[in-house]
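The values are calculated or read from the model by the stated rules, or taken from the named source; none is laboratory data. Quick caveat: nothing in here was measured; it's all calculated off a predicted structure. Please note: Cβ atoms are built from the backbone with ideal geometry, for glycine as well, and neighbour counts cover all protein chains shown. With ligands, DNA and RNA removed, areas are computed over all heavy atoms of the protein, side chains included. Shrake-Rupley method; radii C 1.70, N 1.55, O 1.52, S 1.80 Å.
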Amino acid sequence: MGPPRARRNMSQQVPALPDLPEATVARLPEYLRALHHLAESGNDTVSSEALAGAAGVNSAKLRKDLSHLGSYGTRGVGYDVALLIDQIEYVLGLTHRRAVALVGVGNLGHALAGYAGFGSRGFRIAALFDADPARVGEHINGLVVRHIEELPEIAEAESIAIGVIATPATAAQSVADRLVAAGVTSILNFAPCVLSVPDGVDVRKVDLAIELQILSFHEHRKASLIALPAAGGLTALPGGLAATGTEEAVGS
């Protein structure tokens, strides 16, 4: 990381918590990652084309996303890197590090607890929990694993609003219920299941198997395109269905 940047008065730079499209919110962390890399490389400004390329989007989409923040860049100069970092961090609520509780310290949870990247992205793992007595008391990355029964007191003491679930699917709903009861209002779920939570609680799901299945679709699609006759025609699909031409054959 480079030298500390002077924090700007964001209330004068960005509309108060703009109502952003979900797709824009999903791209802001990518812009932020690219901007931090540019800042560490000594860049004070960046063009929309260069930033879009670093973030993996097209420049028109990037300019539209950033316009929601009130940032339009300067013609012939581009965007002020430090200001744009501040704007995005303000909107994402990263102006202070948020405390996170991690529940489940099996193989995945253990790896997440030891991941050093959270600190540089605006978060700190404040507490670790498990229901397995064999895990309770274990030291991981400077933290002691606590029993899940201690969640309410520790969540209040550490002002925890975000919980990460890294338990087996069979335990995930019960853990979610405990997190919500303890005042947690945002959950990142690594368990392969759908959680039921009250209104006002946000859940993001990370399922690696689903991501692999999506990649499998793309591999299947590429192989199907290669195998299609040049003249097109009917392509048989499971269940007795048939599609005509490339686009219909792959369900596009």
Phi angles of region 46-54, converted by Karplus (6.51 cos²θ - 1.76 cosθ + 1.60, θ = phi - 60°) into ³J(HN,Hα) in whole Hz with x for Gly and Pro, give 8, 6, 5, 5, 5, 5, 4, x, 5
Taking the mean number of other Cβ atoms within 10 Å as a proxy for protection, how do you rank 179-186, 215-222, 192-199, 80-87 from highest to lowest? 80-87, 179-186, 192-199, 215-222
Report the gain in length on full extension from residue 20 to residue 61: 0.36 nm times residue separation, minus Cα-Cα distance, nm rounded to one decimal. 13.4 nm
Residue 228 paired with residue 159, simple spin-label distance in nm, labels 7 Å along Cα-to-beta-carbon: 5.6 nm
Over all pairs of distinct alpha carbons, what does the Kirkwood formula give as the hydrodynamic radius of region 38-147, in Å? 16.6 Å
Over region 22-110, what is the mean sequence separation of C-alpha contacts under 8 Å (at least six apart), divided by residue count, expressed as relative contact order in percent? 29 percent
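Between residue 205 and residue 221, 0.36 nm times their residue separation minus their Cα-Cα distance comes to what? Please report the intermediate quantities before stating the final value.
Working: separation 16, 0.36 × 16 = 5.76 nm, distance 2.55 nm.
Length gained, residue 205 through residue 221: 3.2 nm.
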In region 56-104, chymotrypsin sites (Phe, Trp or Tyr not before Pro) in a DSSP loop with at most 15 other beta-carbon atoms within 10 Å: 72
Calculated FRET efficiency, residue 139 and residue 30, Cβ-Cβ r, R0 41 Å, to nearest 0.05? 0.75
Over region 128-213, one equal point on each Cα, no solvent: what is log10 I(q)/I(0) by the Debye formula at q = 0.15 Å⁻¹? -0.57
Which value, in Å³ per residue, describes the convex hull spanned by the Cα atoms of region 86-186? 100 Å³
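For residue 41 and residue 72, FRET efficiency with R0 = 25 Å and r from the beta-carbon atoms, rounded to 0.05?
With R0 = 25 Å, the Cβ-Cβ based efficiency is 0.60.
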Using a 1.4 angstrom probe on the protein heavy atoms only, could you order 170, 45 from most to least accessible area? 170, 45
